[in-house]
Structure formats: C-alpha cells, structure tokens
Amino acid sequence: MSEEISAEIAQRIKLLENKFKNSGQDMLSYLDGLLYDTYTTYWDYIRLDTLLSLQVPSTEFPDEMIFISYHQITELYFKLIIHEQTQIIENSHLTGTFFTEKVWRINRYFTVLIDSFDVMIKGMEREQFLKFRMSLLPASGFQSAQFRMIEFYSTDLIHLVHASVRSGFHKSEMKNTPLELFENIYWKQGGIDMNTGEKTLTLKQFEKRYTPRFIRIATQVENTNLNQRYLSLSKEEKTPELQEALRTLDQNTNINWKLVHTGAAHRYLRKEGEAIKATGGTNWREFLPPSFQKISFFPSVWTEEEHKNWGKQWVDHVLNIK
C-alpha cells in the first residue's frame, strides 16, 4: 500500500505544475528528467578537473606553479568584485544599505588578496623567480584587464588620468571625450620604456587587445559608475557607514593592493641599489607607488590633506623615496 502524499508535498507539486504548464512540456516530463538524472557531485559542479588543468607553467622551476596559480586565483577574485560592482551599477532602486553591503563584499575580496600576497612576496625563491620570469616576456601583470575594468566601473575616467596632467583636464572648458581621457590614463605611463620613451610591446599588446572594450565600458558607465551612483544618492542615503565602506575600498584598491605589489617588486627586482626591469619593461618604481599617482575613486569622501599624503608614509619607509 503506497504512502499518502503529505499536504506539503502536494502543495509543491501544485506549484511545480503551475511553473511548467507554459513551458511546452507537462510536469511529468520534468519529473522523469529528475528520475533519470544523476546526482550532482562536488567535483563536477565546480569543474574541478578543468580548473586544475589550467596551471601550465612555462618552465621546470617548481616555484613557477606558485606564481601562475596565485595569479589565476587573483583573477577569480577580480571576477567576483566585478560581479558585485555591476549589481550596484544596474540597480534601478539603489539604497545606501544595498550599496554599503555590496561595497563591503568587495572589500572582503580585496582583503583576502592583500593579506594573502605574502605568497608572492615570501613564497618563492628569488633565484627561481628571476630565471622563470624570463620565459614570460613580454607578459606582465600590468595586462590584467579585469583590474582595469574594476577601475572603470568604480569611478569617472578623469579620476584615472595621470596626476601630472589631471588638473589640466579639470580646468578645460571643453568636454573631454572618453578617448582623450583614456589616452592619458595613469597606468599607461608604466608601459613606457625607461630608456627610449617609447611604448613597450607589453603596452602595445594590451592596447590592441582591450582598448575598444575599455572605451565601451567607460562610456557605458559614465553616469552610473560607483562614484556617480554615490553622488546621485540623497543626503540621507549617504550614510557614515557607506562613506566608510567607500574610503576602505579606495584604500584597499588604490593604496594597499598597489603597495603589496611594490613590496614584491622591491624584494625580487632590486639588487645592490639598482632596479631590475619588470617582465614587460614597465617602470615599476614610477608606476606602482600610489603616492605618485594619487588615484582615488571617490574624491568627495576624502579631505585635501588626505589626498596630499596619499600612500606617502609607507612608500617613504620602504623605498626611501623622499
């Protein structure tokens, strides 16, 4: 004798029937699918075999596995950050509470990356790194497109213009086009050969591959990037909690994340007072220290004095830059 179906199960069946009635198939077909389907496993759900097959070092130096794995982990976190950013950008009824929660999520992702960067700074033998890095030419972490997208989703292009020319754009009476601003973006200075003054192959490759996409993104979010969404909120929605979340995001992205990279470059690319070139020929001493760039996604949440001393104390201490 079959067991009686409980009221709860009967209710679920009714709900499923309503869900599937307009799909072109009756509910029995979907129930058959459940019967024939196999159980989901952990390794299949996260595509474990595929994921673990993506670490393909270029050399036989053991520590290159650390290098490539950590960079792939970083890009996965960048993907999560962009996932949170787009939810803020696309929210048609944005509140300060929603905004704050999403920004703290982003901060948690960056905190994991910043705190784990000792894997890069202390986790590889220097001699191995200086050898296997030569097989990576001209590739460089400079070419992380997702990090650049995080910047575009975060703020106005004018705030990413190189500090040496930014004031000129601010004072201009003519509206600056996205392309004009993009051509003067701060990180392009890191792709200039220190000896010739010409663009490195690293920068040329990067521009060719991503410039159209970058311009499209920057144009699409010109009025809806995180900074613009914050400025458009009512005074009541611009809570101290949201301002603190944005300040922390600015620090994490534009100071702390860049400083740990500076620390890694300082460990691996300095020898007897001289700087070794980065793999892409980038001038890391001019490009990485945030005190040189003074990039802030959310200028309105900082004082003039705070901007003036942006990242300076740490850089002075570590690199002895006066």
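Every number here is computed from the coordinates shown, using simple stated rules; none is lab data. This is a predicted model, so every value here is computed, not measured. Don't worry about glycine lacking a Cβ; one is built from the backbone with ideal geometry, like all the others, and counts go over all protein chains shown.
Once the chain from His71 to Ser92 is taken as fully extended at 0.36 nm per residue, the excess over their C-alpha distance is 4.1 nm.
The distance between label points at Glu125 and Glu305 comes to 5.0 nm (points 7 Å beyond Cα on the Cα→Cβ vector). Bin by bin, in steps of 10 Å, what percent of the Cα pairs in the chain do you find, going until the bin that has the longest distance? So the P(r) values, bin by bin, are 5, 21, 28, 21, 12, 7, 5, 1, 0.
If R0 is 41 Å, the Cβ-Cβ spacing of Thr196 and Leu233 corresponds to a FRET efficiency of close to 0.30.
Extension gain for Thr40 to Val165 (0.36 nm times residue separation, less C-alpha to C-alpha distance): 39.5 nm. Using only alpha-carbon positions in segment 1-106, the gyration tensor eigenvalues give semi-axes of 42, 27, 13 Å once each is multiplied by 5 and square-rooted (largest first). So, in Å, what gap is there between the alpha-carbon centers of segment 103-171 and segment 28-43? When both Cα centres are located, 43 Å separates them. Annotation for segment 21-89: chymotrypsin sites (Phe, Trp or Tyr not before Pro) lying in DSSP loop with at most 16 further Cβ atoms inside 10 Å of their Cβ are Tyr39. The trypsin sites (Lys or Arg not before Pro) of segment 217-256 that DSSP puts in a loop, and whose beta carbon has at most 13 other beta carbons within 10 Å, are Lys235. Between Asn22, Tyr45, Leu130, the Cα set farthest toward the positive side of the dipole of the chain (charges on each charged residue's Cβ, about the Cα centre) is that of Leu130.
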